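Beneath this line is the structure, given in structure tokens, with notes to follow.
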Amino acid sequence: MPNAPRTPLDQLSHWQQIAFLAALGERSLPNYRLFSELCDSGDPAVLRQNLNLLWDCAAGLQSAKNFEKQLDLLEDNTPDPTRFDSYGVRPGLDCCVLLNAALSCAMKSNLDDCLSGSTLSLATVAEFLEFSGEIDANHPDANTLLREHPLYLQELGFQQALCQKLLTRSTPNKPLIQELRKLAANEGVSQIGISAEAAGAR
């Protein structure tokens, strides 16, 4: 995957890091829901609870002291890609990895979690475009084609807009968190175009 234009993640404070990663996880959740429904594996309600707690933590309404338990629950519902033939396990797994980074970041501020989350969400899009045949990884201009693809540009633009919006506030407030949750939910459509409706919207 090509290097993405720089998003100023290094400027985010701790609560902003949590909100950024929660937003990426929110945007990925329909992918996990569809995997769970099609493969009859995992519990999307656990990931939904993870996200609710993360948003509350970003808003200053929830402590991260019990998040180790949430990490254990998440691990129990993280798919093993070697057990499934379906492509859907890959974006489902990516969603879990994103939430793992978010929960870890909530417990301790870590720029690396933000950087890996950002890269992973873009990589989910890149892998989907290769799987769907829209991008040929062996094409000599594959990186350029990827950078110019609307789905990739949409995800990159989302991350940059999210980061800029967070940087306009030094402290969180309820209206801001609600606005970010709505933005990240994207009317139930994930970063690879999977809809909550298609995923059963549990």
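A few points about this structure:
- Verdict on Q49 being in contact with a helix residue (DSSP H, G or I) (Cβ under 9 Å, 6 or more places away or on another chain) and surrounded by fewer than 19 Cβ atoms within 10 Å (Cβ to Cβ): yes
- Among the criteria (1) open to solvent by 50 Å² or more (accessible area, probe 1.4 Å); (2) touching a residue at least 60 places away in the same chain (Cβ under 8 Å); (3) farther than 27 Å from D10 by Cβ, the one G92 does not fulfil is (1).
- Scanning region 14-26 for any residue that is among the charged types (D, E, K, R) and open to solvent by 30 Å² or more (accessible area, probe 1.4 Å) turns up nothing.
- Residue in region 154-168 that is within 27 Å of N52 (Cβ to Cβ) and in a loop (DSSP other than H, G, I, E, B) present: yes
- Residue check, E37 open to solvent by 40 Å² or more (accessible area, probe 1.4 Å), assigned to a helix (DSSP H, G or I) and either touching a residue at least 60 places away in the same chain (Cβ under 8 Å) or touching a strand residue (DSSP E or B) at 6+ places or on another chain (Cβ under 9 Å) (or both): yes
- Only a single item in (1) over 18 Å from E26 (Cα atoms); (2) open to solvent by less than 70 Å² (accessible area, probe 1.4 Å) is not met by P140, and it is number (2).
- The one condition in (1) surrounded by 13 or more Cβ atoms within 10 Å (Cβ to Cβ); (2) closer than 19 Å to P30 by Cα that C114 fails to fulfil: (2)
- Annotation: L129 fulfils all but one of (1) aliphatic (A, V, I, L, M); (2) without any contact (Cβ under 8 Å) to a residue 24 or more places away in the chain; (3) more than 14 Å from Q191 (Cα to Cα); the unmet one is (3).
The values are calculated or read from the model by the stated rules, or taken from the named source; none is laboratory data. Computed from a predicted model, the values in this text were never measured in an experiment. Cβ sites come from the backbone with ideal geometry, for glycine too, and all protein chains shown count toward neighbours. SASA here: full protein model, heavy atoms, side chains in, ligands and nucleic acids out. Shrake-Rupley method; radii C 1.70, N 1.55, O 1.52, S 1.80 Å.
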